[in-house]
Amino acid sequence: MKRTTVCIVLAVAVLCQSARAQDRKTVDLFLGFSYNRIATSNDSGLGMVPLYGGDVALSYPFTRWITGVADFNIATTAGHVDSNIIGIRLDGTQKTYLFGPRVTPFRWRKLTPFGQALFGLAHAANGLYDTSSSQTSFAWQAGGGIDIRLNSIISIRAGEVDFLRTNFAEIKTGSQAQNGLRASTGIILHF
């Protein structure tokens, strides 16, 4: 009886240890390219603004399903962009500093789909919304993507698509809501 109990306890301990080893916690660093398409408000009539830039994100898994994310993005217009208003050309940079949870409902072989909701600040340089000064706004982003694990060190973010919401002043209409779409791709380094 004692021998059976000792064998069961040892077997459970070994199995728990190997299950724990499979879920090792790592800090992940995402480095990628992003394309942003910002839809300005209907009140200003500025139209759609395309932005191109880079995305850096740090993430740490708190549980098997929940990961904390810190996402930093900088994107700029590719030269002067003509707006829908004759004579107004938009030019500038937008930066976002977003933080929040990422949910990974399951992993399938080397594929890891995820969904996330991030909150923080966005900063727009003067000229992006036809203003004479830079401005800062509350921002939030929600969306998801899929990662492909190559090995224990590197993964590829096959794609990530997020809805981005900001509230910058446009021309002279005051604070307006801008709805944006951000698509990102890049590599993930696991530490």
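The values are calculated or read from the model by the stated rules, or taken from the named source; none is laboratory data. Treat the numbers as computed from the prediction; the structure is a model and nothing was measured. Note that we place each Cβ from the backbone using ideal geometry, even for glycine, and neighbour counts take in every protein chain shown.
Summary table below
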{"item": "Among (1) over 13 Å from the mean Cα position of the chain (by Cα); (2) under 14 Å from residue 188 (Cα atoms) - the single one residue 105 does not satisfy", "result": "(2)"}
{"item": "Members of the range 62-87 found to be closer than 20 Å to residue 184 by Cβ and at pLDDT below 95, listed by number", "result": "75, 76, 77, 78"}
{"item": "Candidates 109, 157, 182, filtered to the one that is among the basic types (Lys, Arg) and either touching a His at 6+ places or on another chain (Cβ under 9 Å) or over 15 Å from residue 55 (Cα atoms) (or both)", "result": "109"}
{"item": "The range 142-158 residues that are surrounded by 14 or more Cβ atoms within 10 Å (Cβ to Cβ), paired with ones that are hydroxyl-bearing (Ser, Thr, Tyr) and assigned to a strand (DSSP E or B) (beta carbon under 6 Å, 6 or more apart)", "result": "147/112; 147/155; 149/155; 157/185"}
{"item": "Qualifying position, being modelled with pLDDT of 85 or more, more than 12 Å from the chain's Cα centre (by Cα), assigned to a strand (DSSP E or B) and not aliphatic (A, V, I, L, M), among 53, 32", "result": "53"}
{"item": "Subset of the range 141-191 [of a type in the set (Phe, Trp, Tyr) and farther than 21 Å from residue 128 by Cα]", "result": "191"}
{"item": "Qualifying residues in the range 88-101 (those that are in a strand (DSSP E or B) and of a type in the set (A, V, I, L, M, F, W, C)) - the one modelled with the lowest pLDDT", "result": "90"}
{"item": "Condition check for residue 118: among the aliphatic types (A, V, I, L, M), out of contact with any Ser or Thr (no Cβ under 8 Å at 6 or more places or on another chain) and crowded, with 16+ Cβ neighbours inside 10 Å", "result": "yes"}
{"item": "Among residues of the range 102-115, those that are surrounded by 15 or more Cβ atoms within 10 Å (Cβ to Cβ) and part of a strand (DSSP E or B), counted", "result": "4"}
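One line per residue, one yes/no per condition, for (1) among the basic types (Lys, Arg); (2) within 15 Å of residue 95 (Cβ to Cβ); (3) in a strand (DSSP E or B):
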site: 129; (1), (2), (3): no, yes, no
site: 136; (1), (2), (3): no, yes, yes
site: 142; (1), (2), (3): no, no, yes
site: 159; (1), (2), (3): no, no, yes
